[in-house]
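A short reminder: the numbers here are calculations on the coordinates, not readings from a lab. On a predicted model such as this, the values are computed, not experimentally measured, just so you know. Every residue, glycine among them, receives a Cβ derived from its backbone with ideal geometry; neighbour counts consider all protein chains shown.
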Amino acid sequence: MRPRTLNVGYYHETLKNEHRYFVNNVGLGFDAQIVDDTNRSKQKGRLGRWSYLSNMLTVYSQQEGFPLTVHVNRKRDYYRHAFLCTVSNIPYFGGGVKILPQANLHDDKLELIVVEEPHWWTIVWLFLLLLLGGRHLNSRFVHHYRNADLHLGVNSVEIGQMDGQIIGNRNYDLYFSTHPYPFWIDTSIHDHH
């Protein structure tokens, strides 16, 4: 009968003066590289969880930490070796992993997760914590922000993805916020399952 208002993510990238909307997440570094590799192996016809996992291992061995500046409110954090940097509006990550339990389409907040370049055993440990239900956010290698506005600066050439599409391989100066947007959701669809 009436549209439902959900908050969608929005960013302004000042170096290229891009304005874009996203529903799920924007990632720089590790997850963007996985997206790129997974999209490529789809073209070759290989798919499924295993290709995602093998891509993850390949990318992990190639990905180097990159310099990342995070501005939230009046706070400025600098990470010399960020490995993964994802801004998300929903709890889930590629492959349906619940990486940010608090993320919510209905509020005006965005979540940011930054993982510093870890040793392989840390990755295994974080993965176990993740499977055990969201305890990965307590690790000292994982930094978690929750705010309505975020500003990220990446001063090296990195690959980026937005909702599973590659947005470039370059430096970034990103201002994030959310915008309410009306969605018409057909609730009758669920009745047919």
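Using the Cβ of Gly65 as centre and a radius below 9 Å, the other residues enclosed give a net charge of -2, where K and R count +1 and D and E count -1. Neighbour counting of Cβ atoms within 10 Å sorts the residues His71, His19, fewest neighbours leading, into His19, His71. The ranking of Ile166, Ile34 by Cβ neighbour count inside 10 Å, starting from the fewest, reads Ile166, Ile34. Peptide packing for 25-31, 37-43 was compared via the average number of neighbouring C-beta atoms within 10 Å per residue; ordered from the highest value, the list is 25-31, 37-43.
Taking a point 7 Å out from the Cα of Asp107 in the direction of its Cβ, the residues of the range 145-182 whose backbone N falls within less than 18 Å of it are 145-151, 176-181.
Each Lys or Arg adds one and each Asp or Glu subtracts one; over the other residues with Cβ under 12 Å from the Cβ of Pro182, this totals +2. Extension gain, Ser54 to Asn17: 0.36 nm times the residue separation minus the Cα-Cα distance gives 9.8 nm. By other beta-carbon atoms within 10 Å, ranking Ile167, Ile90 with the fewest at the front produces Ile90, Ile167.
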